[in-house]
Amino acid sequence: MDELFQSVRQALEGRGFEVYAAPDAAAARDRALSLISPESSVGVGGSMTVRQLGLAEMLESSGHAVWWHWTGAEDRAAVMENARHADVYLASANAVTRNGQLVNTDGTGNRVGALLHGPALVILIIGRNKLVDGGLSEALARIRREACPPNAKRLGLNTPCAHTGRCDEAHCGDDCMCRGTAILHRPMRSQRMAVILVDEALGY
Ligand code: SF4
């Protein structure tokens, strides 16, 4: 855990987030599971990190109701709405600034909506690759450079970044994924927000 990792950790704590440091993905998965009570329903935002950890499958197999629009549900809109009303919400972040601001950009808004006004407990699992050594401009640049292009490509979207690997917002049309950005300076008043910082790269 290098200086940036420790600095971000302290900054998040100073802003009132409940912060846990995990040395690797397995420890992060264990920590997330330990925070979710047996009877809780769980909503999941679009997250390669959550997918990599296999958390949705583990929660389902242990009897939790899990709402995730990535698991082939037919009525995606209904699943997203159920996720927003679950007891717990699981997601990651697209970027975290050195001074502890969490930055997420969405195309649909289900994830940022749940982070701003959703489940009473939000758990964000964030790999060290999401930490930027700078402020909001560096965070937004990271999202356009490293988060969105591989996601757009994975989804087969017709965006400049999906085709070239580079953002070209001026020529980004109906498939644009970068429609709204939420910056969390502190946990929202109605929510408990646990941040699990992982000392390895996870997700985009
Ligand atoms: S604005 Fe468009 S081209 Fe740029 S990163 Fe977002 S989806 Fe890709």
Count - residues of the stretch 11-32 that are in a helix (DSSP H, G or I) and surrounded by 15 or more Cβ atoms within 10 Å (Cβ to Cβ): 8
Single match in V79, V8 (criterion: more than 16 Å from N110 (Cβ to Cβ) and outside any loop (DSSP other than H, G, I, E, B)): V8
Residue among R98, R144, R179 that alone is open to solvent by 20 Å² or more (accessible area, probe 1.4 Å), more than 16 Å from the ligand (Cβ to nearest atom) and in contact (Cβ under 8 Å) with a residue 24 or more places away in the chain: R98
Odd one out for D133 among (1) open to solvent by 20 Å² or more (accessible area, probe 1.4 Å); (2) within 17 Å of the chain's Cα centre (by Cα); (3) within 23 Å of L197 (Cβ to Cβ): (2)
Residue among R76, R98, R51 that is at pLDDT 95 or above and among the basic types (K, R): R98
Filter result for V88 (among the β-branched types (V, I, T) and closer than 22 Å to P38 by Cα): yes
Residue check, G135 more than 11 Å from the ligand (Cβ to nearest atom) and either aromatic (F, W, Y) or modelled with pLDDT under 95 (or both): no
All positions within the stretch 34-53 that are open to solvent by 20 Å² or more (accessible area, probe 1.4 Å) and within 15 Å of S92 (Cα to Cα): G46, M48, R51, Q52
Every residue from the stretch 77-95 that is over 30 Å from Q10 (Cβ atoms) and open to solvent by 30 Å² or more (accessible area, probe 1.4 Å): A77, A78, M80, E81, N82, R84, H85
Count - residues of the stretch 58-75 that are surrounded by 14 or more Cβ atoms within 10 Å (Cβ to Cβ) and either under 19 Å from the mean Cα position of the chain (by Cα) or touching a residue at least 24 places away in the same chain (Cβ under 8 Å) (or both): 9
Filter result for E138 (touching a Phe, Trp or Tyr at 6+ places or on another chain (Cβ under 7 Å), over 18 Å from G45 (Cα atoms) and not in a strand (DSSP E or B)): no
When residues of the stretch 101-128 are limited to those that are modelled with pLDDT of 95 or more and in a loop (DSSP other than H, G, I, E, B), the one least open to solvent (accessible area, probe 1.4 Å): P119
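The values are calculated or read from the model by the stated rules, or taken from the named source; none is laboratory data. The structure displayed is predicted, hence computed values, not measured ones. Note: ideal-geometry Cβ built from the backbone for every residue, glycine included; neighbour counts use all protein chains shown. Note: areas computed on protein heavy atoms with side chains; ligands, DNA, RNA excluded. Shrake-Rupley method; radii C 1.70, N 1.55, O 1.52, S 1.80 Å.
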